[in-house]
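J.: Before anything else, here's the structure in question.
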Amino acid sequence: MGENRPFDILNSSLNKSVIIRLKGGTELRGKMTAYDVHMNLVLQDADQLENGEVKRKLGTMLVRGDSVVFLSPA
Amino acid sequence: MGENRPFDILNSSLNKSVIIRLKGGTELRGKMTAYDVHMNLVLQDADQLENGEVKRKLGTMLVRGDSVVFLSPA
Amino acid sequence: MGENRPFDILNSSLNKSVIIRLKGGTELRGKMTAYDVHMNLVLQDADQLENGEVKRKLGTMLVRGDSVVFLSPA
Amino acid sequence: MGENRPFDILNSSLNKSVIIRLKGGTELRGKMTAYDVHMNLVLQDADQLENGEVKRKLGTMLVRGDSVVFLSPA
Amino acid sequence: MGENRPFDILNSSLNKSVIIRLKGGTELRGKMTAYDVHMNLVLQDADQLENGEVKRKLGTMLVRGDSVVFLSPA
Amino acid sequence: MGENRPFDILNSSLNKSVIIRLKGGTELRGKMTAYDVHMNLVLQDADQLENGEVKRKLGTMLVRGDSVVFLSPA
Amino acid sequence: MGENRPFDILNSSLNKSVIIRLKGGTELRGKMTAYDVHMNLVLQDADQLENGEVKRKLGTMLVRGDSVVFLSPA
């Protein structure tokens, strides 16, 4: 599988800002401070986004891995 | 995976108020008094929210982990 | 995980009235007389609810655990 | 978990009439003549119901357990 | 679980005509010539049905078990 | 389970044209050149179909097994 | 299963441009630089597509395998 593994991107994104898309279409942006093998994630200073605009401030949050569609460094 | 694990946020939220978003979009707010490895959760004095307003009082409740999308200290 | 476990609420609700919300939004109310580790449940004298009103009497029923969203003592 | 188990209701319903609700909302009524640990079920003389009326006669059928939402003796 | 098992109906339906309902509501009718423990099925001379009428001829087909809702001898 | 197994149809379809229906209703047609036990499939010269007409040419593609509803030799 | 395996196409697509279709219909295009056995994927210089046009630039991203429907070298 080459020298890179997908979870490397999680490790290199620790304590950095990421955008997360959830099943159903909701998008979140925040600083990722923890993850596990199920892709459960913790975000700090998180915002819920709508069309790229902040819709709601959520602060600290735990996102369940099986709800994640993709994650992108912001 | 760094020194933090996602479930630490569950432990630090015990007996504190949290907001939970469920698959389908329903949101709940209540004091979380128990959780397990499947992310099954118990809330006390829980309310069902709609646009941030209380829609219904539910009191004590058991939330099934696989219905959880995210959890945020309230 | 503290001294409480989520399934304690199932045990303490045995032979008492509970409200159950199912995936898809259907709600049921009845006396819970059995459960198992999958959260499969038996209700007696169960009603299907709509906006808190009785829509249909279902009597005894077996509810499949993976259809349950939450359970609340009624 | 007390002295009752949810699957007792399957055993006591053998060769009796039951109503089954499936994911998606379809309801069936028939005589249950077999089940297994996955809640796969066999119905005899089964009807598909719509608002409690017979919509279609299906005779003998095998229902896949993971499509079942609830089962109620009819 | 009594003397009958749900999969007996699969065995007794081999090389006979069956109707299959899939998640999403599509229905198929054809001669079932193979199945496995996952309920993966092979149909020969299969038709896709709409309101009981033939909508499309599909011939031989492999149906994935986790798409099956129910199966009924036709 | 008789002498035939559902996966025999995958083996006998290798390097032949097949139609695949995916969850959500999308249909693909192409030459199947590989499969595995999860029903992950490779198609060559694949087209996306709409009402039996070619909607888009996709060439080589890997289809995830858990998205497959059925497969039929074309 | 013949001499080819579906994951060969992932290996031969490393560091090349691919199109990915996700559950829900979203399509992405980017250079795939990593994958694992769950089909979790990393894309570089990724774009979100709509009707084949670039809708949004996403840069680096981790796509969760269970959201993937198909992957095609672009």
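The values are calculated or read from the model by the stated rules, or taken from the named source; none is laboratory data. Note that this is a predicted model, so its numbers are computed, not measured. So basically every Cβ, Gly included, is an ideal-geometry build from the backbone, and we count neighbours across all protein chains shown. Only protein heavy atoms, including side chains, enter the accessible area calculation; ligands, DNA and RNA are left aside. Shrake-Rupley method; radii C 1.70, N 1.55, O 1.52, S 1.80 Å.
J.: Checking the conditions here, which among E:Leu58, E:Leu71 is under 24 Å from F:Ser17 (Cα atoms), in a strand (DSSP E or B) and of a type outside the set (S, T, N, Q)?
T.: That would be E:Leu58, the only listed residue that is under 24 Å from F:Ser17 (Cα atoms), in a strand (DSSP E or B) and of a type outside the set (S, T, N, Q).
J.: So, in segment A:1-44, exactly how many residues are part of a loop (DSSP other than H, G, I, E, B) and basic (Lys, Arg)?
T.: Count: 2.
J.: Could you tell me which residue of segment A:21-55 is farthest from G:Asn40 (Cα to Cα), considering only residues that are exposed (fewer than 15 other Cβ atoms within 10 Å of the Cβ) and either among the β-branched types (Val, Ile, Thr) or within 8 Å of chain B (Cβ to nearest Cβ) (or both)?
T.: Per the criteria, the residue is A:Val54.
J.: Suppose we filter segment A:58-74 for residues that are over 11 Å from the mean Cα position of the chain (by Cα) and over 21 Å from G:Gly65 (Cβ atoms); how many remain?
T.: Let us first name the residues in segment A:58-74 that are over 11 Å from the mean Cα position of the chain (by Cα), namely A:58-60, A:66.
Still in the running and over 21 Å from G:Gly65 (Cβ atoms): A:58-60.
Count: 3.
J.: Then there is this: Provide a single number: the residues in segment B:1-20 that are among the small types (Gly, Ala, Ser), farther than 22 Å from C:Pro73 by Cα and open to solvent by 30 Å² or more (accessible area, probe 1.4 Å).
T.: 2
J.: Let me ask something else. Could you say which residue among F:Val63, F:Val18 is within 7 Å of another protein chain (Cβ to nearest Cβ), among the hydrophobic types (A, V, I, L, M, F, W, C) and closer than 20 Å to E:Thr60 by Cβ?
T.: The match here is F:Val63.
J.: Collect the residues in segment E:56-69 that are open to solvent by 10 Å² or more (accessible area, probe 1.4 Å) and not hydrophobic (A, V, I, L, M, F, W, C), keeping them in residue-number order.
T.: E:Arg56, E:Lys57, E:Gly59, E:Thr60, E:Arg64, E:Asp66
J.: Need the failing condition index for G:Ala74 against (1) surrounded by fewer than 22 Cβ atoms within 10 Å (Cβ to Cβ); (2) free of Cβ contacts under 8 Å to residues at least 24 places away in the same chain; (3) not hydroxyl-bearing (Ser, Thr, Tyr), just the number.
T.: Evaluating G:Ala74 over (1) surrounded by fewer than 22 Cβ atoms within 10 Å (Cβ to Cβ); (2) free of Cβ contacts under 8 Å to residues at least 24 places away in the same chain; (3) not hydroxyl-bearing (Ser, Thr, Tyr) leaves (2) as the failure.
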